[in-house]
Amino acid sequence: MSKKVLGVVGGSGVYAIDGIEDAEWVTVESPWGEASDQVLTGKLGGTEVRFLPRHGRGHKQTPTSINYRANIDSLKRLGVTDILSVSACGSLKEELPPGTFVVVDQFIDRTFAREKSFFGPGCVAHVSMAHPVSAFLGDIAEEGLKSLAIDHARGGTYLAMEGPQFSTLAESELYRSWGCSVIGMTNMPEAKLARESEMRYATVAMVTDYDCWHPDHDNVDVEIVIKTLLENADKARDLVKHIAGRLNEWPTEPDCGTDTVLDTALITPPDARDPAVMTKLDAVAGRVFAAG
């Protein structure tokens, strides 16, 4: 079995990963534009890792201004097979207080101002998003959270909102009525693009607040959020180290098949595909193009 390469997308508060051997920040040229930042490459726990700060170092990108396609394409070009998203979020459930880490397994996408696919006119594809999160990565993350004694929950739905404003009370109560567990602004379209790129994807959402639905937390305060973020950051880095150390020795892959999802997703026949579009898709879909 070929070696897995771990891509880590760090969210708010996680702008670097310490302990990486042979660490080097590299610039990746992508036909989809500029990524949020350079990518930190090296080895961690014996595994090749690629770390990308989602908002850029210094938190310069808003949830909407992030070039998600360039970010995911850059990781694909660096050989990433598995993506771990570490993301700050608000809680929509009493039993998920600030400081809890949630291994998400579903998403509801309420974003509306972002490019959500690599595919389009000239080369159309439809990938399944029924099960958007890798159970393989989720299992490793859960093991790590247990071994590190980090308060956590396995499973839950992440509501992705556009932002950058936080929710109204009516919105927060609506999402609670849908059964959502956490709310954030960045994991969509990231998860969709990872699937189109045939990379396994998992989210560990770090709860910073109760959103505005909770009677004791009726206003989301950035100062409070940042305080909790800083408390969570070291735990998140420890978790990344654990996952990197276990990635290539984990015995099973219950969701194998992500790496061939495009075999049944492309609907535009080869003779009708736009060569210019195919050139942009060389990293994302090069495997299936080569196979004809």
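The values are calculated or read from the model by the stated rules, or taken from the named source; none is laboratory data. Predicted model, so just to flag it, every value in this text is computed and none were measured. A quick note on method: Cβ atoms are made from the backbone with ideal geometry, for glycine too, and the neighbour counts reach across all protein chains shown.
Return the pairs, sorted by first residue and then second, in which the second residue is among the aromatic types (Phe, Trp, Tyr) and at pLDDT 90 or above, the first residue lies in region 236-259 and is part of a loop (DSSP other than H, G, I, E, B), the beta carbons are less than 9 Å apart, and the residues are 6+ apart or on different chains. Pairs found: TRP250/PHE136; THR252/PHE136; GLU253/PHE136; PRO254/PHE136; ASP255/PHE136; CYS256/PHE136.
Quick check: is even one residue across region 2-16 over 18 Å from the mean Cα position of the chain (by Cα), among the hydroxyl-bearing types (Ser, Thr, Tyr) and either within 28 Å of GLU173 (Cβ to Cβ) or at pLDDT below 95 (or both)?
So far as region 2-16 goes, yes, one or more of its residues are over 18 Å from the mean Cα position of the chain (by Cα), among the hydroxyl-bearing types (Ser, Thr, Tyr) and either within 28 Å of GLU173 (Cβ to Cβ) or at pLDDT below 95 (or both).
Which ones in region 1-36 are in a strand (DSSP E or B), surrounded by fewer than 20 Cβ atoms within 10 Å (Cβ to Cβ) and small (Gly, Ala, Ser)? Step through it out loud before you land on a result.
Going residue by residue through region 1-36, those that are in a strand (DSSP E or B) are 6-10, 21-26.
Those left that are additionally surrounded by fewer than 20 Cβ atoms within 10 Å (Cβ to Cβ): 21-26.
Across region 1-36, the qualifying residue is only ALA23.
In a residue-by-residue description of region 161-168, the property of being in a loop (DSSP other than H, G, I, E, B) and farther than 29 Å from ARG237 by Cα applies to at least one position.
Scan region 30-42 and give yes if some residue there is in contact with a Pro (Cβ under 7 Å, 6 or more places away or on another chain) and under 17 Å from ASP238 (Cβ atoms), otherwise no. No; the residues of region 30-42 include none that is in contact with a Pro (Cβ under 7 Å, 6 or more places away or on another chain) and under 17 Å from ASP238 (Cβ atoms). When VAL49 is tested against the conditions (1) farther than 18 Å from THR203 by Cβ; (2) surrounded by 15 or more Cβ atoms within 10 Å (Cβ to Cβ); (3) among the hydrophobic types (A, V, I, L, M, F, W, C), the lone failure is (1). What do you reckon, is SER91 buried (at least 24 other Cβ atoms within 10 Å of the Cβ) and over 16 Å from the mean Cα position of the chain (by Cα)? Against the criterion (buried (at least 24 other Cβ atoms within 10 Å of the Cβ) and over 16 Å from the mean Cα position of the chain (by Cα)), SER91 qualifies.
Could you please let me know if LEU92 is in contact with a Cys (Cβ under 6 Å, 6 or more places away or on another chain), among the aliphatic types (A, V, I, L, M) and over 28 Å from LYS4 (Cα atoms)? Criteria met by LEU92. Inspect region 19-30 for any residue being in contact with a Phe, Trp or Tyr (Cβ under 7 Å, 6 or more places away or on another chain) and either among the aromatic types (Phe, Trp, Tyr) or in contact (Cβ under 8 Å) with a residue 40 or more places away in the chain (or both) and give the result as yes or no. Within region 19-30 (the criterion being in contact with a Phe, Trp or Tyr (Cβ under 7 Å, 6 or more places away or on another chain) and either among the aromatic types (Phe, Trp, Tyr) or in contact (Cβ under 8 Å) with a residue 40 or more places away in the chain (or both)), the answer is no, since none of the residues qualifies.
When every residue of region 262-273 is checked against the conditions, at least one turns out to be at pLDDT 95 or above, surrounded by 12 or more Cβ atoms within 10 Å (Cβ to Cβ), in contact with a helix residue (DSSP H, G or I) (Cβ under 8 Å, 6 or more places away or on another chain) and assigned to a helix (DSSP H, G or I). Listed here are the strands (runs of 3 or more DSSP E) enclosed by region 38-154 that have at least 2 residues being touching a strand residue (DSSP E or B) at 6+ places or on another chain (Cβ under 9 Å), under 27 Å from TRP178 (Cβ atoms) and touching a residue at least 24 places away in the same chain (Cβ under 8 Å): 82-91, 101-103, 106-109, 152-154.
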